[in-house]
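The values are calculated or read from the model by the stated rules, or taken from the named source; none is laboratory data. Here the structure is a predicted model, which means the values were calculated and not measured. Glycine also receives a Cβ, built like all others from the backbone with ideal geometry; neighbour counts cover every protein chain displayed. Side chains included, ligands, DNA and RNA excluded: accessible areas come from the protein's heavy atoms. Shrake-Rupley method; radii C 1.70, N 1.55, O 1.52, S 1.80 Å.
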Amino acid sequence: MNDDVRWTTVCAYPRLEPERGVAALVDGEQVAVFRTYDGRLFAIGQQDPISRAFVMARGIVGSRGEAPTVASPLHKQVYDLRTGHCLDVPGVAVPVYRVRCRDGLVEVAPRPQPAAGDS
Amino acid sequence: MSERSELVVVGNGMVGQRFVEALRSRDGGGRWRVTVLAEESWPAYDRVRLSAFFDGASAEELSLHQPDDGVDLRLGEPVVAIDRERRRVRTGAGEYRYDALVLATGSYPFVPPIDGAYVAAGPDAIGPTPSLRPGVFVYRTLDDLTAIRDFAKGRRTGAVIGGGLLGLEAANALRLLGLGTHVVEFAPRLMPVQVDEAGGAMLRRYVEELGVVPHLGVATTAIRSRPDGELAGLTLSDGAWLPTDLVVVAAGIRPRDELARDAGLTLGERGGVRVDAGCRTSDERIWAIGECAAVEGTCYGLVAPGYAMAEVVADRLVGGTASFPGADTSAKLKLLGVDVAAFGDAHGTTPGCLDVTFTDPATRVYAKLVLSDDARTLLGGVLVGDVAAYPALRASVGGPLPGPPLALLAPAGDGTGTGSGIAALPGAAQVCSCNGVTKDQLVGAIAEGCVDVPGLKACTRAGTSCGSCVPMLKQLLSVSGVSLSKALCEHFAHSRQELFEIIRVREIRTFSRLVAEHGTGRGCDICKPVVASILASLGNGYVLDGEQASLQDTNDHFLANIQRDGTYSVVPRIPGGEITPEKLIVIGEVARDFQLYTKITGGQRIDLFGARVEQLPKIWRRLVDAGFESGHAYGKALRTIKSCVGSTWCRYGVQDSVGLAIALELRYRGLRAPHKIKSAVSGCARECAEARSKDFGIIATDNGWNLYLGGNGGFRPRHAELFATDLSTEELVRYVDRFLMFYIRTADRLQRTAAWIEAMDGGLEHLRAVLVDDSLGLCAELDAALARHVGAYSDEWRDTLEDPDRLRRFTSFVNAPDVPDPSITFEVERGQPVPAMGERRPVTLGLPTTMGVPS
């Protein structure tokens, strides 16, 4: 199963500043990659589903309750980095990507295709 | 052990899932052992939002599944028979004994008897799983949607049979799949059940604009295939031929009652398992809820009544006596991007009722209120195009109107225009109809300590489904007199002023230390910029170094202003608005070379729009080399000090307003504050610089300067008040220094100077005592703090350009630094580039209206 996954190397781990995101291109999709305070990695879609602009990596990272979060820099809706769910607007979400650190490199897997309209 | 009873639930749709959750939360003693037997292979998902699947939502995102060890959930195991005598249900895999059995089997899509709809002959095959002809689909489950999506690949046109709610959803799905889309509706208008004729006409215009072709007042008589087996098209009742590659039948639903029928339970006259007001069937051990149930003979095809039934049965199974409260069949939807709402007696069927209608072809808004014959009681209504008034109106059905009818119907702009009516609502009014939460329940929750919207959501479930009532929740909190906590956010119980003192006195230099010692969690977009601003005010140096970088809002982080399409605008400082021709030429050249939209701002500066992040350093390089520095247009900081031409050129000028404006702007540039700060200097009483609409404004007199404090433009404009007269330049600067530093230290987050002075005990008099008479003994410290700021100022653009590490963050993509963001595209308007709108939504800002109801 793992063999099917094409991991894309995004950058060296230290390139990620804690609690700040970077944008990356993964199989032509824009992905926002975050490193939280405790060193964990998260990756979500770069497009803000509300404004439709590709800006999520530029939001402020923080927490709400137990959830690690990022706030859209445009209108500040807050998203759970683990699930992609918007915590302020029910029913709104960003896609979540698999991300890992291997040999000091941050790698992101493209989303499994059947999830959305293939184009 | 002997106390445990067996509960079997048939079906795991939205209502079945809600029932299990409701029972589990009530059954604290663990009396019931719960088994759920489900036909679909997916655990419960949000069928109401099913269409979001075509908009990119994954099956996981639609899931309503809550892991619960106390529930035995068996997917893909449909019940095939009920043995009431032995109290057992049978599935393909075995038998399950029950003490109580709950049927939540929902409904199946109805396929009218259309010639050619089926592979085999015959409308007799109608049932839950009819063998439809290839290319003919129903629209009910995730599997249906997957099948439609797969079939649509490479095909060009689709038709939906049925122009109701589900039909329009299906039409949108086909549109999103890229098919030319037709809708065939037997009634003479779209959504005939929900909206009236005029509403349907407005809806039709929206739908046509999206390229969907409605065929109204006609039935489908036959579905025909080509010789190669591909679908050919539809024959309509008026004889027309409609070629199409795919058909979705969305002509209504029928209750799944066959299990009950086979078991000999009493059915409703028009189908459905007949239940009483307690949702109990003719067998006292068996209950039915949701779309399969006929409460006192009536089936409901909406989720809200189903949820109400789920709560009733959960209550009854733990010994309660709840009964079905009657159904709210209101609906608010976004269909094909059009907001539509209908509630109560939408069609005005009550004898003697009156209509108030409002149609605005320009804004495409249609609204109708149905009132009782004495025009005092709201019976129902229809809204198309703008549904801002829906929550307040729906909650008012059966009671008095929350305001004058026309004021309620006319578009409210920010959606709150009608909201103050919540105070007038009766306690029994349902504020959240999705979850059946009344105003009384919300008031009770507030009394028990829910002090914010998230708290109310968690406590009552109100606002957790469609969300349309959230503005009402906010109003209810405020009219309930909830004393707002001074806590900045969930991470700090302190006000901004308290945090300022903590950071200053304890000499805290990092957010991490602050939150570890004085807060909880890891901060958010509210507290982090506040702390960033405080650290900057206390002279922590370059705002983007070390951990401070993670605290900055995107504008401060990129030292530019983010715009709607994710690009940034750049504003070089032009102190006092005075600029040389050489510098003007440089700005023009930079704008030309980077193809930036250029506009003179309201503050006598020039804004350059449309820069991508990776272009920012290149643009600054050119500007900094020409002698410009950052204008801090992005920060909660001193922005601009506007001026007239003063005594230098003007016939009337009595002082050098330009010279003073430049000196002050350079003195306070980069000063971080709770809110942006603006100022102006006018050279005479003619006030050409509009100084009295500024945080601090200065007007020349024959003898010196008059200082005005606490004005602003913006959302709630305010004139500044006269603070001191005929000041020397030295006195003036001293008072402004102290004013700014005192404000920075003691104001709340985002509190402008006007509100800050207003909230001060003693107002302007008190301020005068502090700043002029030093009544608090603070002045020496305020003076010193401002002097430190002036001495330590360094241009952030230049600092960034000089450091490769700092420059590294200005790339579009970390793994493709040379690739510009492909989503950013421009159109040309009046000869300049502007963002291509594409699918981006406009930003709506609440503007004041005159239609508000007295609060």
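Side notes on the structure shown:
- Counting only strands (runs of 3 or more DSSP E) that fall entirely inside segment B:204-311 and contain at least 1 residues that are more than 23 Å from B:G163 (Cβ to Cβ) and more than 37 Å from the chain's Cα centre (by Cα), the qualifying elements are B:220-225, B:273-275, B:286-288.
Yes/no per residue for (1) buried (at least 19 other Cβ atoms within 10 Å of the Cβ); (2) of a type in the set (D, E); (3) in a helix (DSSP H, G or I):
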site: B:L544; (1), (2), (3): yes, no, no
site: B:S550; (1), (2), (3): yes, no, yes
site: B:N555; (1), (2), (3): yes, no, yes
site: B:G576; (1), (2), (3): yes, no, yes
site: B:L584; (1), (2), (3): no, no, yes
site: B:G588; (1), (2), (3): no, no, yes
site: B:A591; (1), (2), (3): yes, no, yes
site: B:Q604; (1), (2), (3): yes, no, no
site: B:D607; (1), (2), (3): yes, yes, no
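- Of everything in segment B:33-43 that is touching a Gly at 6+ places or on another chain (Cβ under 9 Å) and at pLDDT 90 or above, the residue that is farthest from the other protein chains (Cβ to nearest Cβ) is B:R33.
- Taken over segment A:74-83, the residue count meeting the criterion of being more than 9 Å from chain B (Cβ to nearest Cβ) and of a type in the set (S, T, Y) is 1.
- Filter pass, B:A836 being away from chain A (no Cβ under 11 Å), touching a strand residue (DSSP E or B) at 6+ places or on another chain (Cβ under 6 Å), at pLDDT below 90 and over 28 Å from A:P14 (Cα atoms): yes
Rundown of residues vs (1) open to solvent by 80 Å² or more (accessible area, probe 1.4 Å); (2) of a type in the set (D, E); (3) outside any helix (DSSP H, G or I), yes/no style:
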| residue | (1), (2), (3) |
| --- | --- |
| B:E6 | no, yes, yes |
| B:V9 | no, no, yes |
| B:N12 | no, no, yes |
| B:G16 | no, no, no |
| B:V20 | no, no, no |
| B:L23 | no, no, no |
| B:G30 | no, no, yes |
| B:V34 | no, no, yes |
| B:E39 | yes, yes, yes |
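- Which numbered condition B:A560 misses (of (1) surrounded by fewer than 23 Cβ atoms within 10 Å (Cβ to Cβ); (2) modelled with pLDDT of 90 or more; (3) within 14 Å of chain A (Cβ to nearest Cβ)): (1)
- Some residue of segment B:621-635 being closer than 30 Å to B:G523 by Cβ, within 14 Å of chain A (Cβ to nearest Cβ) and modelled with pLDDT of 95 or more: no
- Across segment A:84-94, the number of residues qualifying as buried (at least 22 other Cβ atoms within 10 Å of the Cβ) and either within 19 Å of B:G463 (Cβ to Cβ) or facing chain B (nearest Cβ under 7 Å) (or both) comes to 1.
- Applying the criterion of being under 14 Å from B:I574 (Cβ atoms) and open to solvent by 10 Å² or more (accessible area, probe 1.4 Å) to the residues of segment B:644-669, the residue that is nearest to the chain's Cα centre (by Cα) is B:R669.
- Every residue from segment B:664-683 that is out of contact with any helix residue (DSSP H, G or I) (no Cβ under 6 Å at 6 or more places or on another chain) and without any contact (Cβ under 8 Å) to a residue 40 or more places away in the chain: none
- Flag: B:R49 matches the condition of being in a helix (DSSP H, G or I), within 14 Å of chain A (Cβ to nearest Cβ) and not polar (S, T, N, Q).
- Filtered residues of segment A:55-83 (kept if over 21 Å from B:S823 (Cα atoms), in a loop (DSSP other than H, G, I, E, B) and open to solvent by less than 10 Å² (accessible area, probe 1.4 Å)): A:L81
- B:S537 surrounded by fewer than 18 Cβ atoms within 10 Å (Cβ to Cβ), over 30 Å from B:V15 (Cα atoms) and among the small types (G, A, S): no
- The lone criterion from (1) under 30 Å from B:G233 (Cβ atoms); (2) of a type in the set (S, T, Y); (3) modelled with pLDDT of 90 or more; (4) open to solvent by 30 Å² or more (accessible area, probe 1.4 Å) left unmet by B:S131 is number (3).
- Scanning segment A:36-54 for residues that are within 9 Å of another protein chain (Cβ to nearest Cβ), buried (at least 21 other Cβ atoms within 10 Å of the Cβ) and aliphatic (A, V, I, L, M) gives a single hit, A:A53.
- Wholly within segment B:645-756, helices (runs of 4 or more DSSP H) carrying at least 3 residues that are closer than 26 Å to B:V530 by Cα and in contact with a Leu (Cβ under 9 Å, 6 or more places away or on another chain): B:657-668, B:729-746
- Any hit, segment B:808-827, residues being closer than 30 Å to A:D48 by Cα and not in a loop (DSSP other than H, G, I, E, B): yes
- Residue within segment A:95-107 that is of a type in the set (G, A, S), open to solvent by less than 30 Å² (accessible area, probe 1.4 Å) and touching a strand residue (DSSP E or B) at 6+ places or on another chain (Cβ under 7 Å) present: no
- One residue stands out among those in segment B:163-220 that are under 15 Å from B:L242 (Cα atoms) and polar (S, T, N, Q): the one that is farthest from the other protein chains (Cβ to nearest Cβ), which is B:T220.
- B:T554 vs. criteria hydroxyl-bearing (S, T, Y) and out of contact with any helix residue (DSSP H, G or I) (no Cβ under 6 Å at 6 or more places or on another chain): no
- Close Cβ contacts (under 6 Å, 6 or more residues apart or on different chains) running from residues in segment B:25-42 that are within 18 Å of B:A100 (Cβ to Cβ) to residues that are hydrophobic (A, V, I, L, M, F, W, C) and open to solvent by 80 Å² or more (accessible area, probe 1.4 Å) are absent.
- Among the candidates A:A53, A:A71, A:A93, A:A43, residue that is of a type outside the set (S, T, Y), within 23 Å of B:H557 (Cα to Cα) and in contact (Cβ under 8 Å) with a residue 40 or more places away in the chain: A:A43
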